[in-house]
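Visitor: Let me begin by handing over the structure; questions about it come next.
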Amino acid sequence: MSYPEARYHGDEGEVNAVFRPAGGPPDISSPGASTHYLATHESTGGEFGLYRMELGPRSAGARAHFHRTVSESFYILSGELELYNGDKWVTGRTGDFLYVPVGGLHAFKNVTDEPVSMLALFSPGAPREEYFERLSEMSRRGGEELRRFRVRHDSYFVEDFEDGGSKGEGPEDEGFGGAGSEGAGSEGAEG
């Protein structure tokens, strides 16, 4: 086992850490959901993106989809979240973790009467913020414009394939945050 090649070549280290206090408002809110940008593609130099997402009771989340360029991981901070692992739905509870490699089918939804809070990690970091910020608007537009928007943001939804794809039959929900949103995490929440 070995570490990656050194990327920092200084002798004494730098003062360059970034602190984000917990009490700030979400960076984006939609009906039934909110997202906090903890570490973005820009702030990490593309190494990763980390987002805290909060889904209200009965929030539809994100339908079955995959990413071609990034892995996505979910860590449940509080509440219960239904997670689709490409094969079946599993219930994630406080402290549970789901890793989705590049190309892995996944989806999520809150089917309970309680809110849920989670961390979503994308690696390497991708500029997901525009996706989160415009998802609700693009979902209302629908059709080919929505599909192109998703593809531009590395989100390939099973429903967008002409043959419907048999692997994603489980998730049939509206998108993240509630009716009319097309989510993912903050896709409305995800990604």
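Visitor: Taking the options Ala22, Ala33, Ala60, name whichever one is touching a Phe, Trp or Tyr at 6+ places or on another chain (Cβ under 6 Å), of a type in the set (A, V, I, L, M) and at pLDDT below 95.
Guide: After applying the criteria, what remains is Ala33.
Visitor: Still on this model: Just give me the residues in the range 30-82 being among the small types (Gly, Ala, Ser) and assigned to a strand (DSSP E or B), in sequence order.
Guide: Within the range 30-82, Ser30, Ala33, Ser34, Ala39, Gly49, Ala62, Ala64, Ser71, Ser73, Ser78 qualify.
Visitor: Within the group Glu162, Glu174, which residue is surrounded by fewer than 17 Cβ atoms within 10 Å (Cβ to Cβ), over 23 Å from Tyr37 (Cβ atoms) and at pLDDT below 95?
Guide: Glu162
Visitor: How many residues does the range 75-88 hold that are closer than 29 Å to Gly46 by Cβ, crowded, with 19+ Cβ neighbours inside 10 Å and without any contact (Cβ under 8 Å) to a residue 60 or more places away in the chain?
Guide: Selection size over the range 75-88: 3.
Visitor: How many residues does the range 3-16 contain that are open to solvent by 100 Å² or more (accessible area, probe 1.4 Å) and either within 28 Å of His36 (Cα to Cα) or under 30 Å from the mean Cα position of the chain (by Cα) (or both)?
Guide: Qualifying residue count for the region: 8.
Visitor: Which members of the range 89-145 meet the condition of being in contact with a strand residue (DSSP E or B) (Cβ under 6 Å, 6 or more places away or on another chain), in contact (Cβ under 8 Å) with a residue 24 or more places away in the chain and acidic (Asp, Glu)?
Guide: Scanning the range 89-145 gives a single hit, Glu133.
Visitor: Can you tell me which residues in the range 58-82 are under 12 Å from the mean Cα position of the chain (by Cα) and not small (Gly, Ala, Ser)?
Guide: Result: Arg63, His65, Phe66, His67, Val70, Glu72, Phe74, Tyr75.
Okay, residues lined up against (1) at pLDDT 95 or above; (2) more than 28 Å from Arg93 (Cβ to Cβ); (3) of a type outside the set (D, E, K, R); (4) open to solvent by 40 Å² or more (accessible area, probe 1.4 Å):
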residue: Val116; (1), (2), (3), (4): yes, no, yes, no
residue: Phe122; (1), (2), (3), (4): yes, no, yes, no
residue: Phe132; (1), (2), (3), (4): no, no, yes, no
residue: Gly142; (1), (2), (3), (4): no, yes, yes, no
residue: Arg152; (1), (2), (3), (4): yes, yes, no, yes
residue: Ser155; (1), (2), (3), (4): yes, no, yes, no
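Visitor: Do the conditions hold for Val102, that is, is it on the phi < 0 side of the Ramachandran plot, within 15 Å of the chain's Cα centre (by Cα), among the aliphatic types (A, V, I, L, M) and buried (at least 16 other Cβ atoms within 10 Å of the Cβ)?
Guide: No: the conditions fail for Val102.
Visitor: On to the next question. For Val70, are the conditions met, namely being more than 20 Å from Ala33 (Cβ to Cβ), open to solvent by less than 60 Å² (accessible area, probe 1.4 Å) and modelled with pLDDT of 95 or more?
Guide: So Val70 fits the description; yes.
The values are calculated or read from the model by the stated rules, or taken from the named source; none is laboratory data. For clarity, every value in this text was computed on a predicted model and none was experimentally measured. Neighbour counts are summed over all protein chains in view; Cβ atoms, including those assigned to glycine, are modelled from backbone coordinates with ideal geometry. We work out accessible area using only protein heavy atoms, side chains counted, and drop any ligands, DNA or RNA first. Shrake-Rupley method; radii C 1.70, N 1.55, O 1.52, S 1.80 Å.
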